[in-house]
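Read-outs throughout are calculated quantities, based only on the coordinates presented, and are distinct from any laboratory measurement. Keep in mind it's a predicted model, so treat the numbers as computed, not measured. Using ideal geometry, Cβ is built from the backbone for each residue, glycine included, and neighbour counts are taken over all protein chains shown.
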Amino acid sequence: TQGQVITCKAAVAWEPNKPLVIEDVQVAPPQAGEVRVKILYTALCHTDAYTWGGKDPEGLFPCILGHEAAGIVESVGEGVTIVQPGDHVIPCYQAECGECKFCKSGKTNLCGKVRAATGVGVMMSDRKSRFSINGKPIYHFMGTSTFSQPKAPLEKVCLLGCGVPTGLGAVWNTAKVEAGSIVAIFGLGTVGLAVAEGAKTAGASRIIGIDIDSKKNLESTEFVNPKDHEKPIQQVLVDLTDGGVDYSFECIGNVSVMRAALECCHKGWGTSVIVGVAASGQEISTRPFQLVTGRVWKGTAFGGFKSRSQVPWLVEKYLKKEIKVDEYITHTLTLGEINKAFDLMHEGGCLRCVLST
Ligand code: NAD
Ligand code: AHE
Ligand code: ZN
Ligand code: ZN
């Protein structure tokens, strides 16, 4: 099939919030520098629900959502040398070209090479989509880049495409949590639970999990449900910790919780990391005094990990049982059941649902 248009099944989001429809999609051959990947397993991340829900300012329809997956290279375009057909890969939405000023800076994982195209649902070289249905273009979502990795179970390591690295990296790379720290985590979905795991390995002395769903109390050393308290949640945490936490992480995407997460930090040094993605039009606010008195507000994308160089390292750590992945998979369904998988995300009790294609 090298160089040819192929037809594949995909779940197409025709409009925001309308059930996805499994369609036969024509996929154009990979152009120079591109790779066509047969996706075998894909999980759902909250960001898919956010874009599908019409809350993403970059959301374009019709599109094919999904960005936490694993598959096999089907064919490659001209000049591609780092992977070949048959390689097992995790497509990464954060690229790593190694050459742009972001890649060279050493201070960030945000590569600039293809971001302009991935934000508008097309490929970089010709600003066109490779997907179509009967000639009508279907947009891409969040782009892809790839790395090669044999032998890892693809039905599990698809989670290394987003949620698990995001949580671990938020602690290890972005906050750089030190042993003995007090950590608060708002939102205990897969991302928040991976933050808790990262904090545990970093030697945090207390890990306080905060969620409105008490069933999510899995990894933390202490659990707080804001619904059980009359006081604002930041005050509850300040009281629990003799003045505030050393590090907090917002893993929900709610701007008022982002404020609480900053304000529960200790005066003089507390750092709050925004991980959650907030809806289009939402803005954060706090009294500047919170920053004047030494609190630090930061954010992270993909946990600061550089995709091509570091995702294979995470796969190795998973194979050596040094990081968790299987534990976050609460449901497995097929691609045809994708709308049920979106419903599950909102019902609680669901962390990651992996779909086989
Ligand atoms: P999820 O839906 O599985 O988890 C969110 C959790 O927050 C749930 O357990 C829910 O009960 C809880 N919650 C909701 N409202 C709350 C409130 N007011 N107070 C306390 N808890 C509350 O989501 P996820 O897949 O773990 O993703 C978490 C967030 O991180 C999302 O916003 C997602 O878009 C974002 N995300 C960001 C990155 C990044 O690179 N920055 C990567 C992955 C996901
Ligand atoms: N399209 C959104 C941006 C959403 C966003 O911040 N995405 C995160 C990844 S979420 C993964 O589940 C991210 O990596 N951002 C950095 C980037 O380059 O997109 C919007 O608000 O416009
Ligand atoms: Zn994601
Ligand atoms: Zn780059």
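Overview of values
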item	result
Residue within segment 336-347 that is free of Cβ contacts under 8 Å to residues at least 60 places away in the same chain, of a type in the set (S, T, N, Q) and away from ligand 2 (no atom under 16 Å from the Cβ) present	no
Filter result for Val37 (farther than 18 Å from Val122 by Cβ and out of contact with any Leu (no Cβ under 8 Å at 6 or more places or on another chain))	no
Matching option when the condition is part of a loop (DSSP other than H, G, I, E, B), surrounded by fewer than 17 Cβ atoms within 10 Å (Cβ to Cβ) and more than 16 Å from ligand 1 (Cβ to nearest atom), among Ser309, Ser280, Ser285	Ser285
Qualifying positions in segment 233-269 - outside any loop (DSSP other than H, G, I, E, B), surrounded by 21 or more Cβ atoms within 10 Å (Cβ to Cβ) and acidic (Asp, Glu)	Glu250, Glu263
Tally of residues being within 12 Å of ligand 4 (Cβ to nearest atom) and either basic (Lys, Arg) or free of Cβ contacts under 8 Å to residues at least 12 places away in the same chain (or both) across segment 70-105	4
In segment 54-69, residue nearest to ligand 4 (Cβ to nearest atom) [restricted to those that are in contact with a Pro (Cβ under 8 Å, 6 or more places away or on another chain) and small (Gly, Ala, Ser)]	Ala69
Residue that is without any contact (Cβ under 8 Å) to a residue 12 or more places away in the chain and either outside any loop (DSSP other than H, G, I, E, B) or out of contact with any Pro (no Cβ under 8 Å at 6 or more places or on another chain) (or both), where the choices are Lys9, Lys18, Lys38	Lys18
Candidates Val311, Val315, Val325 - the one that is within 16 Å of ligand 4 (Cβ to nearest atom) and either in contact with a helix residue (DSSP H, G or I) (Cβ under 7 Å, 6 or more places away or on another chain) or over 30 Å from Glu263 (Cα atoms) (or both)	Val311
Filtered residues of segment 296-306 (kept if more than 16 Å from ligand 4 (Cβ to nearest atom) and either in contact with a His (Cβ under 8 Å, 6 or more places away or on another chain) or in a helix (DSSP H, G or I) (or both))	Gly303
Scope segment 24-53; condition surrounded by fewer than 21 Cβ atoms within 10 Å (Cβ to Cβ) and closer than 16 Å to Ser356 by Cα; matching residues	Lys38, Leu40
Close pairs from segment 209-233: first more than 20 Å from Met345 (Cβ to Cβ), partner basic (Lys, Arg), Cβ under 8 Å, at least 6 apart	Thr221/Arg206; Glu222/Arg206
Scan of segment 47-67 for residues that are under 13 Å from His140 (Cβ atoms) and either in contact with a strand residue (DSSP E or B) (Cβ under 7 Å, 6 or more places away or on another chain) or not charged (D, E, K, R) (or both), ordered by number	Thr51, Gly59, Leu60, Phe61, Pro62, Cys63, Ile64, Leu65, Gly66, His67
